[in-house]
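The values are calculated or read from the model by the stated rules, or taken from the named source; none is laboratory data. Computed from a predicted structure; not experimentally measured. Glycine also receives a Cβ, built like all others from the backbone with ideal geometry; neighbour counts cover every protein chain displayed.
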Amino acid sequence: DSGVTQTPKHLITATGQRVTLRCSPRSGDLSVYWYQQSLDQGLQFLIQYYNGEERAKGNILERFSAQQFPDLHSELNLSSLELGDSALYFCASSVGLAGVDGELFFGEGSRLTVL
Amino acid sequence: TQLLEQSPQFLSIQEGENLTVYCNSSSVFSSLQWYRQEPGEGPVLLVTVVTGGEVKKLKRLTFQFGDARKDSSLHITAAQPGDTGLYLCARTGGTYKYIFGTGTRLKVLA
């Protein structure tokens, strides 16, 4: 158990809909990262927050947005969903910003299926 | 944009065989990490390498960081079915984010 909690574990929805994925980081971790993993793919970085502020952005679509709340949990909002958005979405946390030997702790992921 | 290329993409071997997977980049790493992801789970950190030429061992796994810090390899000796999974290398990007490689999917057959 990494200590990172993601909900829901599975989600099935239709094209055009909007969903929210939730992540609770490990106790004490200030950084939260979101990644997308499509079938047989590596991890695509979406966005990173540190102590409530956005710190880095990857190839995140404009239809996607995220935030980190004062209690440090984070939500990833996906809207106007398309078939190609079907993927595993991972949240990871770390104590601080990405340092030389910082470790990422991953949740078990949220599997999104868009029909 | 994928900054880290891993090879091979897929590997299926028999129990007891040795194997090596590679992680390459056109730019220098400040540090590099290897993660393993098992089916239905998130990736878990195996090792961090920092110094060019560094070699680290974790039981049957040997990790090497290239002298020029632009590549790394993971060698598994006498692979076991429990080694099955997706192996990912990762580097910290210029602005705090972790960039992951394309991954090597390993299957070890009993």
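Below is a table of values for the structure above.
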{"read-out": "Single residue of the range B:8-41 satisfying the filter (modelled with pLDDT under 95 and small (Gly, Ala, Ser)) that is nearest to residue A:102 (Cα to Cα)", "value": "B:31"}
{"read-out": "Filter result for residue B:86 (of a type in the set (A, V, I, L, M), within 12 Å of chain A (Cβ to nearest Cβ), more than 28 Å from residue A:9 (Cα to Cα) and out of contact with any Leu (no Cβ under 7 Å at 6 or more places or on another chain))", "value": "no"}
{"read-out": "Failed condition for residue A:16, given (1) loosely packed, with under 13 Cβ neighbours inside 10 Å; (2) within 18 Å of residue B:44 (Cα to Cα)", "value": "(2)"}
{"read-out": "Scan of the range B:64-83 for residues that are part of a strand (DSSP E or B) and either more than 14 Å from every other protein chain (Cβ to nearest Cβ) or surrounded by fewer than 22 Cβ atoms within 10 Å (Cβ to Cβ) (or both), ordered by number", "value": "B:64, B:71, B:72, B:73, B:74, B:75, B:76"}
{"read-out": "Odd one out for residue A:38 among (1) more than 11 Å from every other protein chain (Cβ to nearest Cβ); (2) over 23 Å from residue B:105 (Cβ atoms); (3) of a type in the set (Ser, Thr, Tyr)", "value": "(2)"}
{"read-out": "Selection count where residues are crowded, with 19+ Cβ neighbours inside 10 Å, among the hydrophobic types (A, V, I, L, M, F, W, C) and part of a loop (DSSP other than H, G, I, E, B), scope the range A:25-53", "value": "1"}
{"read-out": "Residue list for the range B:33-61, restricted to those being under 16 Å from residue B:102 (Cβ atoms) and either loosely packed, with under 13 Cβ neighbours inside 10 Å or facing chain A (nearest Cβ under 10 Å) (or both)", "value": "B:33, B:35, B:37, B:43"}
{"read-out": "Selected residue (only one of A:56, A:66 is touching a Phe, Trp or Tyr at 6+ places or on another chain (Cβ under 7 Å), in a strand (DSSP E or B) and either of a type in the set (Val, Ile, Thr) or at pLDDT below 95 (or both))", "value": "A:56"}
{"read-out": "Qualifying residue in the range A:97-105 (condition: more than 14 Å from chain B (Cβ to nearest Cβ) and aromatic (Phe, Trp, Tyr))", "value": "no"}
{"read-out": "Residue match in the range B:49-59 (condition: without any contact (Cβ under 8 Å) to a residue 24 or more places away in the chain, outside any loop (DSSP other than H, G, I, E, B) and within 30 Å of residue A:51 (Cα to Cα))", "value": "yes"}
{"read-out": "Members of the range B:13-32 found to be within 14 Å of chain A (Cβ to nearest Cβ) and more than 18 Å from residue B:102 (Cα to Cα), listed by number", "value": "B:30"}
{"read-out": "Conditions (1) under 20 Å from residue B:103 (Cα atoms); (2) within 14 Å of chain B (Cβ to nearest Cβ); number of the one not met by residue A:86", "value": "(2)"}
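Let's see how each residue does on (1) within 13 Å of the chain's Cα centre (by Cα); (2) buried (at least 19 other Cβ atoms within 10 Å of the Cβ):
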| position | (1), (2) |
| --- | --- |
| A:1 | no, no |
| A:23 | yes, yes |
| A:57 | yes, no |
| A:75 | yes, no |
